[in-house]
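A short write-up of the structure that comes next.
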Amino acid sequence: MLDDLIRKTIREMVGGGGPPVAFLTPKGDRGLFGPESVAWKVHADFISMMIGGISSLILQALHPQALAGVWDHSSFRQDLKGRLGRTAFFIAATTYGSVEMANNIIEKVNQIHTKITGFDEFGKPYSATDPHLLSWVHLTETYSFMGSFEDYRHEKLSAQDKDQYFLEMSFIGKRMGTSDLPVTYQSTSEAIKSYIPELYFGERARSIVHLLENFPSNLTAKPFIKLISRAGMMNLPDWAFPLIQRPTPSYIERLAVKKSINFIAIPVREALKDGVAAHSLRRVYG
């Protein structure tokens, strides 16, 4: 019964239906990465991925041109769950799906991007096919996912494994139209910082941060979702807090959130143990 409640709460946040049977076929298909990859390990944990997803959305909202594409061409503000659900499926499909599934979703998203153009809030033209903007989205996602995994999973990655993750994910980034992506943890951090002069925390970005901090949900799901949102905020790099006019969280604040996440993560991981990663392993090994 608790498992059912947890799965219902998850659907409240990102949508989704029953078991991911689409990931069971074709037998033997290893997908783009395979079970031995670091990407399979990092992306398998729903809790840390949701936390990383929240922080990456906050960072992406700080770039006026990246935000303008979402602002003008998506239902993000009216359908946050739908946006998160589509992003979650893209990550699941490209990480765990068959080669055909992964290629299809990459092609679909690339086609959508060709139609997303306009002007940002300063009147500067933008295009969703701009490699510079695509790199910002890719960098903030991968860096946020890694930071959250390190904080909320007990298994630690070696420096070599962390670098391997960014190398693996650069393969997806290049398929999406990015250019000159870094392939190590340190160079990814430096690349993100190089964007700081371009960032802006105006009314649009404020509204996105407010929405993410006050995620629409029913009464039952609200405490869980509020905690995930808070952890997502704390997953931001320290340089981001002055930019969004928030105090940098103290050690005590971070520890309290981390302990709360660790507590709720136990039943959540148990309820989701037969998820996408488990289904994909059965596809690969039969």
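Every number here is computed from the coordinates shown, using simple stated rules; none is lab data. In this text the structure is predicted, and so the values were computed from the model without any measurement. Note: ideal-geometry Cβ built from the backbone for every residue, glycine included; neighbour counts use all protein chains shown.
Brief remarks on what is shown
- For Tyr126, distant residues with modelled amide H under 5 Å away: Gly118, Phe119, Asp120
- Magnitude of the charge dipole for the chain, about its Cα centre and with charges confined to Cβ atoms of Lys, Arg (+1) and Asp, Glu (-1), is about 660 debye.
- Over region 170-276 - Rg/Rh using Cα atoms and the Kirkwood inverse-distance radius: 1.02
- Calculated FRET efficiency for the pair Ser189/Thr117, C-beta based, R₀ 51 Å, to 0.05: 0.95
- Centre separation in Å (Cα based) which lies between region 115-174 and region 233-286: 17
- When each of Met169, Met50 is scored by the number of other beta-carbon atoms lying within 10 Å, the sequence from fewest to most is Met50, Met169.
- Mean residue ellipticity (222 nm) of the chain, computed from DSSP H runs ≥ 4 via -39,500 (n - 2.57), nearest 500: -20500 deg cm²/dmol
- Principal axis box of region 83-142, alpha-carbon based, largest edge first, Å: 41, 22, 20
- Legend: ranking of residues Leu272, Leu281 from fewest to most surrounding C-beta atoms inside 10 Å; resulting order Leu281, Leu272.
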